[in-house]
Amino acid sequence: MTTLKTQNYSIFFNEKAYESLNKHLSEANYSKIFIIADENTNAQCVPHILANIDSDIVYDILEIESGEVSKNIEICVGLWEALSDYGADRKSLILNIGGGVITDLGGFIASTFKRGIHFINIPTSILAMVDASIGGKTGIDLGHLKNQIGVINTPEMVLIDTYFLNTLPENQMRSGFAEMLKHGLIANEAYWNKFKELSKLTTDDVDELIYESIKIKKDIVEQDPLEESLRKTLNFGHTLGHAIESYFLSNPKKESLLHGEAIAVGMILASYISTKTCNLATPTNQEIKDTILSIFGKVKFEQEDYNPIIELLIYDKKNEHGNINFVLLETIGKPKINCTVSNETILEAFEFYES
């Protein structure tokens, strides 16, 4: 796969990734390398990466617990202290090896330690490959509220090695497809259509879909790096999706959802709302629901869940001037930003999802 270049960094794939990493390490004169990983990627992915690094630079591995539970300020403090204790300086490098939690958190750690040190993202999940590691967004949660604290800061490079997909459990693979489906819905109907028979796709097909998805996000971010207009379209399904994810994370009666599982629900809800607000065609809305449910299945909601989820919308980071802003669809490939939606319409959307 051809290297994708952005204004500030490049995205390298498979064998080219390690060639480029080794070239960078030989030229950059780093004092030390720090690897941020969780217990899963430390065991299953870090050895593969170290075997492909041709450098004598000293490294230390900083392991955190896997999952959204680690994306908080307490973990950040522990990592900042570990960096100090192990002698990190302004010429140190951080390698973020893991899923979206690791690339979000690790990028934030690097961007704030000693006012910023270099970092490289090596995403190991589909979700991180096509979304979290691309575009420079870093950050952590504030309590159970998603991505409330962070900065936009780009890595030195992003390395995509699809070998790591062999280590993923099925639910993590499926979670990543949510962001890919989103890219099709907001940007490319032909790309969206490829997911209608996902079970028939080969490994090479999936690699190509990942590549196309990364390119869609890269192209959008390049045109609007600070999310002032076009980049907001990448939040399709995320306004309610993040609220659902936060609610299930904080409610002891609920089993936590993976990010992609919550966003899948959010996209179905946003699609229905689009029929009421942006004249999205009813057959298209049904097609979106059927396609997403064929991959993800249905999440169970109770009537008492709806209002607490709606209340969480006020914390969405896309809100401006007190307005809750949705990204909706006029048709597949034609999104509309900064849409306001009534609570009644949101409740109708949940009813449509449950039907």
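Looking across segment 7-23, the residues that are touching a residue at least 24 places away in the same chain (Cβ under 8 Å) and either crowded, with 18+ Cβ neighbours inside 10 Å or basic (Lys, Arg) (or both) come down to Ile11, Phe12, Phe13, Ala17, Tyr18, Ser20, Leu21. In the list Thr154, Thr124, which residue meets the criterion of being touching a residue at least 12 places away in the same chain (Cβ under 8 Å) and either open to solvent by 10 Å² or more (accessible area, probe 1.4 Å) or of a type in the set (Phe, Trp, Tyr) (or both)? Exactly one of Thr154, Thr124 is touching a residue at least 12 places away in the same chain (Cβ under 8 Å) and either open to solvent by 10 Å² or more (accessible area, probe 1.4 Å) or of a type in the set (Phe, Trp, Tyr) (or both), namely Thr154.
Just one residue in the set Glu227, Glu197, Glu212 is among the acidic types (Asp, Glu) and in a loop (DSSP other than H, G, I, E, B); that residue is Glu227. Taken together, the residues in segment 253-264 that are surrounded by fewer than 24 Cβ atoms within 10 Å (Cβ to Cβ) and under 16 Å from the mean Cα position of the chain (by Cα) amount to 3. When Gly150, Gly116, Gly106, Gly98 are checked against the criterion of being out of contact with any strand residue (DSSP E or B) (no Cβ under 9 Å at 6 or more places or on another chain) and not charged (D, E, K, R), Gly116 stands alone in meeting it. Hey, could you check segment 269-307 for residues that are in contact (Cβ under 8 Å) with a residue 60 or more places away in the chain, more than 19 Å from Trp192 (Cα to Cα) and in contact with a helix residue (DSSP H, G or I) (Cβ under 6 Å, 6 or more places away or on another chain) and say which is most open to solvent (accessible area, probe 1.4 Å)? Looking at residues that are in contact (Cβ under 8 Å) with a residue 60 or more places away in the chain, more than 19 Å from Trp192 (Cα to Cα) and in contact with a helix residue (DSSP H, G or I) (Cβ under 6 Å, 6 or more places away or on another chain), I get Lys276. No other residue among Ile102, Ile97, Ile57 is β-branched (Val, Ile, Thr) and assigned to a loop (DSSP other than H, G, I, E, B) apart from Ile57. Checking Ser20, Ser31 one by one, the residue that is polar (S, T, N, Q), in contact with a Phe, Trp or Tyr (Cβ under 7 Å, 6 or more places away or on another chain) and more than 17 Å from Ala128 (Cβ to Cβ) is Ser20 and no other.
If you filter segment 317-341 down to residues that are of a type outside the set (Phe, Trp, Tyr) and open to solvent by less than 20 Å² (accessible area, probe 1.4 Å), you find that the one that is modelled with the lowest pLDDT is Lys318. Within segment 109-119, restricting attention to residues that are under 30 Å from Pro169 (Cα atoms) and touching a helix residue (DSSP H, G or I) at 6+ places or on another chain (Cβ under 7 Å), the residue that is surrounded by the fewest Cβ atoms within 10 Å (Cβ to Cβ) is Ile109.
If you take the residues of segment 230-252 that are under 16 Å from the mean Cα position of the chain (by Cα) and part of a loop (DSSP other than H, G, I, E, B), which of them is nearest to Ile263 (Cα to Cα)? Ranking the qualifying residues of segment 230-252, first place goes to Gly237. In the set Glu212, Glu208, Glu197, Glu170, only one residue is open to solvent by 10 Å² or more (accessible area, probe 1.4 Å), over 28 Å from Leu93 (Cα atoms), in contact with a Phe, Trp or Tyr (Cβ under 8 Å, 6 or more places away or on another chain) and among the acidic types (Asp, Glu); that residue is Glu212.
The values are calculated or read from the model by the stated rules, or taken from the named source; none is laboratory data. The shown structure was predicted, so the numbers you read here are calculated from the model rather than taken from an experiment. Quick reminder, even Gly has a Cβ in these numbers, built from the backbone with ideal geometry, and neighbours come from all protein chains shown. Heavy atoms of the whole protein, side chains included, go into the accessibility calculation; ligands, DNA and RNA do not. Shrake-Rupley method; radii C 1.70, N 1.55, O 1.52, S 1.80 Å.
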